[in-house]
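Coordinate-derived values only; no laboratory data. Everything quoted here is computed from the prediction, not taken from an experiment. Note that we place each Cβ from the backbone using ideal geometry, even for glycine, and neighbour counts take in every protein chain shown.
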Amino acid sequence: MAARFSPRPSPAHLTTAICFTIQALGVGTYIAFGVFFNPLMEEFGWPRAAIAAAPAAAFFVMGVFGMAVGRLNDGFGPRLLLTGTALLLGLGCVLMAQVSTLAGLYLSFGLIFGMGMSAVDVVALTTIARWFSARRGFMTGIVKAGTGAGQFVVPLAASALIALLGWRWAIALVGSTVAAVLIALARFLRRDPGEGSPSGAANEDRASGAPGLCLSRVFRAAPFWVLCTMNLILVSCLMVVMLHIVPHARDLGIPPLPAAGVLSTIGGVSILGRLASGVLIDRLGSKRVMHVGFCLLVGGLLWLQFSDRPWMMYLFGAVYGLAHGSFFTAISPLAAEWFGIRFHGTVFGIVACFGTTGGAAGPILAGHLFDVTGSYRTAFLILTGLALAAWGMLFALRPVRGPTGIAPRP
């Protein structure tokens, strides 16, 4: 007898779709700051380092508050957390539309918007890690593909709105729309398959056996701190590119919309990188996938040193997009593989905070180097060296085998 088709999505599929959308809208809005860079410079005459400090501060605040969000998510679940942070995200964008000083930009986008971003990664990725085990890499890849979709769509939409309405109305409309959608989605989100179920039944793809290392064991393990340091350096490199690639393209003489297209190319191609790396993570392990990502990243940064034409910039965007997608997909499964899911929100929140600290400092330093030297050449050379250093740390990482029986893949 043929199985009956039900148009109603399963809870696991619904959760995946919600986490995909959280990533797309949250990260897409953050990355779209790149298309507001030149309008801010043109209206106020602020130096690049000063403007770059706003998204850098937001990235840092996101990581600091993300540690608290991860701990609260482990205990209480994501609904109230996502609702509250979405309100802050929208408020930050609306207040940014009214700024006239750098202090106002730092308060609205750097602090308030940054607090609003704190749940975007931690809630989405920790929820997926709890819902899936055998297919954790693939499902994380699908969710992180949402980031690529957001990076492709939101900057182009923001750029079009700037052309039609001006940058102030554009950021206000983008922020308020994103906040409304996230608040609506929050009510359907559950921390894990057993939450709210009288039987506590788990999803068929949940892990069996021990949930992972205790926090004291994780914090005593040297690989945990190596992973944190590697992520600090790596995300610093990644965020310099994401926040300065549009101004760099404009400096090369590329018009505004095609320059925003370089950023959208990164987002679009990174979807492929996230999906492919998700499949490979389940087969090869997260560490091997990250090695491939580093190879692409270093090669792309070397190519960027010589890119001075639009097609060369778009080729860089494609190569970098694959690397970008693989890194941000692999970090959460790697933490789950090596340390378990019992305190995944807390562990991943700390690893992510190191990353956001590097991601906050990198764009400011790159902007300062541009203000001093008049070009990004020195900054891009330094990025290449930092990427090689982080790659070396990945080679040094070794799995932790604890009393819970976890046997991470090398």
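Other residues within the sphere of radius under 14 Å centred on the Cβ of PHE370, judged by their own Cβ, net out at +1 (K and R +1, D and E -1). Considering only GLY362, ALA149, THR127, whose Cα is most displaced toward the positive end of the charge dipole of the chain, charges sitting on Cβ of Lys, Arg (+1) and Asp, Glu (-1)? Going by the charge dipole, the pick is THR127. Using C-alpha pairs below 8 Å separated by at least 6 residues, the relative contact order for segment 262-338 is 53 percent. Once you reduce segment 104-154 and segment 264-284 to the center of their Cα atoms, the two points are 15 Å from each other.
With a simple spin-label model that places each label point 7 Å from the Cα along the Cα-to-Cβ direction, the separation between TRP303 and ALA222 comes to 3.7 nm.
Computed from backbone phi, the HN-Hα couplings of segment 53-68 come to 5, 5, x, 5, 4, 4, 5, 5, 4, 4, x, 5, 6, x, 4, 5 Hz, rounded to whole numbers (Karplus: 6.51 cos²θ - 1.76 cosθ + 1.60, θ = phi - 60°; Gly and Pro given as x). For PHE59, PHE339, the sequence from fewest to most other C-beta atoms within 10 Å is PHE59, PHE339. Extension gain for ALA180-LEU272 works out to 30.3 nm (0.36 nm per residue, less the C-alpha to C-alpha distance).
Applying the criteria of a DSSP loop state and at most 14 other Cβ atoms within 10 Å to the chymotrypsin sites (Phe, Trp or Tyr not before Pro) of segment 234-306 yields PHE306. What does the charge dipole of the chain about its Cα centre add up to, to the nearest 20 debye, if the Cβ of each Lys and Arg holds +1 and the Cβ of each Asp and Glu holds -1? With Lys and Arg at +1 and Asp and Glu at -1, about 1120 debye. Charging the Cβ of each Asp and Glu at -1 and of each Lys and Arg at +1, and nothing else, the dipole of segment 1-142 about its Cα centre rounds to 700 debye. Using 0.36 nm per residue and subtracting the Cα-Cα separation, the extra length available between PHE76 and PHE188 on full extension is 38.8 nm. Helix 118-131 and the longest principal axis of the Cα set of the chain meet at an angle near 30°. To test your reading of the geometry: what angle, between 0 and 90 degrees and rounded to tens, separates the Cα axis of helix 310-339 from the longest principal axis of the chain? So the helix axis and the longest Cα principal axis differ by about 30 degrees. In plain terms, the chain from ALA160 to MET41 could stretch by 41.0 nm, reckoned as 0.36 nm per residue minus the Cα-Cα distance. Exposure proxy ranking for TRP311, TRP391, based on other Cβ atoms within 10 angstrom of each Cβ and starting from the fewest, stands as TRP311, TRP391.
Taking other C-beta atoms within 10 Å as the exposure proxy, VAL69, VAL94 rank VAL94, VAL69 from fewest upward. Among the listed values [x] 20.4, 73; [y] 21.9, 64; [z] 21.9, 71, the one matching Rg and Dmax of the Cα atoms in Å as calculated from this structure is [x].
Candidates TRP338, MET312, GLY299 compared by Cα position along the dipole of segment 280-360: farthest toward the positive end lies TRP338, with charges placed on Cβ. Here the relative contact order of segment 79-144, from alpha carbon pairs under 8 Å that lie six or more residues apart, stands at 33 percent. Once C-alpha pairs closer than 8 Å and six or more residues apart are averaged by separation and normalised to the residue number of the chain, the relative contact order reads 27 percent.
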